1. Checking the structure you have, find out if any residue of the stretch 168-180 is more than 26 Å from Ala91 (Cα to Cα) and either in a loop (DSSP other than H, G, I, E, B) or touching a Leu at 6+ places or on another chain (Cβ under 7 Å) (or both).
2. Is it true that Phe131 is surrounded by fewer than 13 Cβ atoms within 10 Å (Cβ to Cβ), more than 30 Å from Leu67 (Cβ to Cβ) and in contact with a Gly (Cβ under 8 Å, 6 or more places away or on another chain)?
3. State which residue is surrounded by the most Cβ atoms within 10 Å (Cβ to Cβ) when the search covers only the stretch 70-96 and only residues that are β-branched (Val, Ile, Thr) and in contact (Cβ under 8 Å) with a residue 24 or more places away in the chain.
4. Considering the stretch 98-128 alone, what residues qualify as being without any contact (Cβ under 8 Å) to a residue 60 or more places away in the chain, hydrophobic (A, V, I, L, M, F, W, C) and either on the phi > 0 side of the Ramachandran plot or surrounded by 11 or more Cβ atoms within 10 Å (Cβ to Cβ) (or both)?
Amino acid sequence: MGPLIVNEIISENANMLFAFLIGIGFGYILEANGFSSSRRLAGMFYGYDTTVLKVFFTAAVVGALGLLFLSLFGQIDLNFIYINPTYLYSAIGGGVIMGAGFILGGYCPGTSFCAASIGKIDAMAFIGGIFIGILVFTEGFPLWEEFYNAKFLGAPVLNEVIGTSRGVLTLGIILVALAMFWVGEWAEKKFARDDYTINQK
C-alpha cells in the first residue's frame, strides 16, 4: 500500500483489513460517480460521456505525481515497485478482446462487479461471461501457449524506453491528460444525446 505498510509497523492481518476497507471505498466511489451504469461506460466509445477518460487520466496524473514526489523525498524506492512482465503479442490480443467486450457489454471487469453489487442483471451476466472466458483460457491454454509467451520484452518502464527522465515523462502525462480533457469536453458537445443525462445510472 505504501512505504509505511510493512510488517514492522502493522501486522499482515491489519494490512489485509486496510486493503479490504480501501476496496470498499473504491467501489463506493465508482458507484457514486455512475460507473455502475453500462450506458455511461459505453458512452466513452460513442463520445457522449467521457467521464471514464477523465477519471483514468486523473488517476494516472495523481499516481505519477505521488510516486515521483515520494521518490524525490526519499519515502519510496521506485526500484522496488513490481512491474508486470510484458509479452507483447498476448498483451495486444488481450487488449483487443477486453476492448471488444467492453464495447459490447458496457462494462470492464471491475465495473461489472460494482454494478452487480447493486443488483444489476446485465452486470451479473457479464461476470458470467468473464468466468466462461477464464475457463476457456485455462482449459485451452496449450493451444495458445506459444502465442501467449511470444515477444517477451521483460519489464520495461516507459521513460527508459523513450530515453527520458521520470520527471519529464510525468510532465508529458500531465500535458496529454489536459489535452484529453479538452477532447472529452468537445466530444460530449459534439455527440450529445437527447435521451441521455449526465446523472444517468
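1. no
2. Answer is no for this residue.
3. Let us first name the residues in the stretch 70-96 that are β-branched (Val, Ile, Thr), namely 76, 81, 83, 86, 92, 96.
If we keep only those that are in contact (Cβ under 8 Å) with a residue 24 or more places away in the chain too, we end up with 76, 83, 86.
Numbers: Ile76: 18, Ile83: 10, Thr86: 13.
It comes out as Ile76.
4. Met98, Leu104, Ala116, Met124, Ala125, Phe126, Ile127
Here, each number is a calculation from the coordinates, and none is a lab measurement. These figures come from a predicted structure and were not determined experimentally. Cβ atoms come from the backbone with ideal geometry, glycine included; neighbour counts cover every protein chain shown.
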